[in-house]
Amino acid sequence: MKHVALIVGTWLLCGSLNAAVQEDPTAKPKYTQEHLDSLFQQAVMLSQVGLYDEAEARCKTILSQMPDQPTVKKLLQDIQEKKRLSQKQDPSAELKKELEKELKTIILPEVNFREAAVADVIAYLRAESKKYTKDKNEINFVLVLPEGKAPTVTLSLRNIPMIEVLRYLTVLTGLQCQVDPHAVVLSPPLKLAPAKPNASAP
């Protein structure tokens with residue numbers, strides 16, 4: 001709860017600043033000292049809860065206006081070191097992030113299926129992924145279907161990110177989609193087993 005409160009406070013604190021920046025995204029705004037102080041506090045709080053990318057971005061925003069500010073430069077170095085160590089300790093997190101990025105950036109020109117088996121749609125996505133990934137390797141898909149059920153899918157989509165196709169599949173089939181470090185897994189949602197009734201007294 002402490003982390004949630006910190007993050008909520010951070011976003012409330014920077015709401016007016018974000019609105020000002022969005023008015024003209026091409027301009028390089030001159031922030032007031034109050035805004036710069038606010039950005040610094042946000043960077044500190046975000047770093048404390050492990051949101052290193054967001055904390056790093058705020059430090060860089062301050063340094064774009066005050067490039068020689070020693071306290072911010074030191075904070076940025078600390079954040080980047082913590083970020084490096086966290087990635088080193090958990091390399092799977094970086095692999096998962098890369099796979100999610102590929103699913104978002106692969107744009108399929110056309111997806112057309114009429115009452116097709118889910119397995120056929122997944123086979124199509126696997127083949128298409130080989131065309132668009134930067135290393136020309138297929139994305140691994142794992143499909144687990146409910147026992148005794150083989151749902152069919154009708155889709156007609158154009159110029160759509162692959163991750164959105166997967167979202168439509170989950171809606172149409174009731175499957176859940178999970179991005180793991182090495183594969184995209186579609187499987188039935190987990191359900192709790194019904195509680196056993198209490199044994200009646202003799």
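The values are calculated or read from the model by the stated rules, or taken from the named source; none is laboratory data. Keep in mind the model is a prediction, meaning the values are calculated, not measured. Cβ: placed from backbone, ideal geometry, glycine included. Neighbour counts: every protein chain shown.
Among the listed residues I122, I139, identify the single one that is within 28 Å of P189 (Cα to Cα), assigned to a loop (DSSP other than H, G, I, E, B) and among the β-branched types (V, I, T). Exactly one of I122, I139 is within 28 Å of P189 (Cα to Cα), assigned to a loop (DSSP other than H, G, I, E, B) and among the β-branched types (V, I, T), namely I139. Criterion first (of a type outside the set (S, T, Y), out of contact with any Gly (no Cβ under 7 Å at 6 or more places or on another chain), farther than 18 Å from V179 by Cβ and outside any loop (DSSP other than H, G, I, E, B)) does P109 satisfy it? It is true that P109 is of a type outside the set (S, T, Y), out of contact with any Gly (no Cβ under 7 Å at 6 or more places or on another chain), farther than 18 Å from V179 by Cβ and outside any loop (DSSP other than H, G, I, E, B). Of the residues making up the range 94-109, those that are touching a residue at least 24 places away in the same chain (Cβ under 8 Å) and either loosely packed, with under 13 Cβ neighbours inside 10 Å or not polar (S, T, N, Q) (or both) are L95, K96, L99, E100, E102, L103, K104, I106, I107, L108, P109.
Within the range 118-126, at least one residue is touching a residue at least 60 places away in the same chain (Cβ under 8 Å) and in contact with a strand residue (DSSP E or B) (Cβ under 8 Å, 6 or more places away or on another chain).
Where residues in the range 80-109 are among the hydrophobic types (A, V, I, L, M, F, W, C) and more than 19 Å from the chain's Cα centre (by Cα), which of them is farthest from T133 (Cα to Cα)? Out of the qualifying residues, it is L85. Of the residues E102, E110, E56, E115, the single one that is charged (D, E, K, R), at positive phi and at pLDDT 90 or above is E115. Of all the listed residues (A55, A93, A43), the sole one being in contact with a Lys or Arg (Cβ under 6 Å, 6 or more places away or on another chain) and part of a helix (DSSP H, G or I) is A43.
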